[in-house]
1. Scale the Cα Rg of the protein assembly as shown by the rule-of-thumb value 2.2 N^0.38 Å and send over the ratio, two decimals.
2. What average number of partner chain Cβ atoms lie no more than 10 Å from the Cβ of the residues making up B:128-136?
3. For a test of the definition: using alpha carbon positions, the gyration tensor, and the 1.5 limit on a/c, classify the range A:152-308 as rounded, prolate or oblate.
4. So if I restrict to the alpha-carbon atoms in the range B:259-312, what is the Rg, and what is Dmax, the biggest pairwise distance, in Å?
5. Output the pairs from A:LYS117/A:LYS182; B:LYS117/B:LYS187; A:LYS146/A:LYS208; B:LYS187/B:LYS279; A:LYS116/A:LYS182 with a Cα-Cα distance over 22 Å in this structure; if there are none, say none.
6. Take A:LYS146 and A:ALA37, extend 7 Å from each Cα along the Cα→Cβ direction, and tell me the distance between the two endpoints in nm.
7. What lysines sit close enough to A:LYS295 to cross-link, taking a C-alpha to C-alpha distance under 26 Å and skipping anything fewer than 8 places away on the same chain?
8. B:VAL207 versus B:ALA190, label points 7 Å from Cα toward the beta carbon: distance in nm?
2 protein chains.
Amino acid sequence: MRLKLSERDLIRLVRARAGRRSGAVLQGIGDDCARLAPQPGYETLVTTDFTLEDVHFRREWHPAESVGHRALARGLSDIAAMGGEPLAAFLSLALPGKLPRRWVEDFARGFLALAKKFGVTLAGGDTAESPGGILADVVVVGRVPKGQAVLRSGARAGDGIYVTGELGGSAAVLHQLLQSGKAPKGKLHAAHFFPTPRVAAGRALAVKRLASAMIDVSDGLSTDLSHLCEESGTGALVNEHSVPRPVLPGASSLHYALHGGDDYELLFTAPRTARVPAKIAGVRVTRIGEMVKQKGMWLVDSHGQQKALQARGWQHFGG
Amino acid sequence: MRLKLSERDLIRLVRARAGRRSGAVLQGIGDDCARLAPQPGYETLVTTDFTLEDVHFRREWHPAESVGHRALARGLSDIAAMGGEPLAAFLSLALPGKLPRRWVEDFARGFLALAKKFGVTLAGGDTAESPGGILADVVVVGRVPKGQAVLRSGARAGDGIYVTGELGGSAAVLHQLLQSGKAPKGKLHAAHFFPTPRVAAGRALAVKRLASAMIDVSDGLSTDLSHLCEESGTGALVNEHSVPRPVLPGASSLHYALHGGDDYELLFTAPRTARVPAKIAGVRVTRIGEMVKQKGMWLVDSHGQQKALQARGWQHFGG
């Protein structure tokens, strides 16, 4: 059954499911602004991410619950990449008039389940009727103790380059969807539809002051590593065989791992002398290369041959 | 000349014009999150507002500079309505691939001129290619000294109801655009295309503790007053002849003043004993009625006759 979902209904629906206050949130939905409690000794972190139909997801491929989960996961992952702790989320949602109410309920369920898992309060947002497709913009506000934020700019030549988890699984699923319209099951499925932002790992790296620079892998390793290099004024060598990736049929897994997006793993550097454990907060950590003085990026194969690595990260569906 | 504006170009354009740090903003654009400085003794305010093509503006009616100005003005007005001070803005902007670069430059100019006027740093955002029309979502972060925030819920029966400036001018311009496609010049023109958020007046009302409750008039007086009543658990009497409005041909000015939107004036209540001046921060203040115990809203005409006032605020163009 299709029901016209008015803006007022949407506000009621989200409001009924959202917290009005909790922890750092003095006042959530229900006034002109949300009010957050001051956090002495902390810096405030703010990040904002679009989730647009036919750019970041397709309605026929992505269940609404996954769209809600991913919309929030992108912001949580940005907070993780600073070594921060997420506190509050703001959801701006514009929906086509004829969208089934069920879609919105499923979206809200996916969004709020992830929010609950990370102790994040939905503290506000905006609603509108969209003249086109589904549009969401999610803001996540977090905090990090003063002086603990891990920036993109802190890497030095000689630092090791590390990633959490595996790379390329999400892009491999997308490729399969593009080819056949069907998604695989199991671990790969979760990597694409319900990625886990690495908040605990990011916090641990910041608290232990292990990471000299950090970013999340949202646009693809090659692109996100180029951001670390640019902001830090370094270059990078990546060992092809070290890049952790799922086992896929064919030779495509390296391509996805290097250039696929939406992994939401952490990419960080650590000084040569740092003792980086093999697991952080339960997540595998792999050394994949090192920062170098000469600007540029190079891929080193198992014979020690180097070739240039271009930033060719995933450009969403809009290409 | 039409130029395809890539996402990378857009980031460069906005980044070149945005501050990286200033005042409360430790770090703006250029990392996974913006970092804001802790403000001891203050609460943090957050508000988020969509600006969508064909919902909040039309490209053939609204110059890009006005669209940029209004996109930010909406958030500044929300901060004003809490009695707060704006600090930082975040701009998420999704643009159609074929949009002329000129449009984006004009939008940015309008946005940043208003930001500069209010000492607000553009501290981040997101960019994407839009599969449909122009989409913006603007977050404004502000602050208010602890205990000074003016809420929607603080009004009591017997409190006077006040508004700043005049109401209905913006809606009158919109009506004229709908009728003839042409906008009037002069004061009315500015009310619609370049409204001034009442930040200084809002601050003054909070500092002097004059306002018991406050909201900005963005959806129309009748709708925004209904929010004050709902959150405060009161009703309201409005004196028809007191509602300040521009002189318009015909009898329509009252209708626009009651139900028109996008005024960005402040609507507030003050205890009977409060001495509310006729001007606050250079802006005229008018008493238009009073809060009453009985729930509901009534309009009182010059003969003392009461009729029910329904919340029929402006529903944007999508209505």
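Throughout, read-outs are computed from the coordinates displayed, never taken from laboratory work. Note that the coordinates shown come from a computational prediction; the quantities given were computed from them, not determined experimentally. Please note: Cβ atoms are built from the backbone with ideal geometry, for glycine as well, and neighbour counts cover all protein chains shown.
1. Details: Rg = 25.6 Å, N = 638, 2.2 N^0.38 = 25.6 Å.
So the Cα radius of gyration is 1.00 times the expected 2.2 N^0.38 Å.
2. Numbers: counts 10, 7, 8, 9, 8, 3, 0, 10, 1.
Whole-number average of other-chain Cβ neighbours for B:128-136 is 6.
3. Values: a/c = 2.00, a/b = 1.37, b/c = 1.46.
Oblate is the answer for the range A:152-308, as a/c is 1.5 or above yet b/c matches or exceeds a/b.
4. 13.5, 35
5. A:LYS117/A:LYS182; A:LYS116/A:LYS182
6. 1.9
7. List returned: A:LYS307.
8. 2.3
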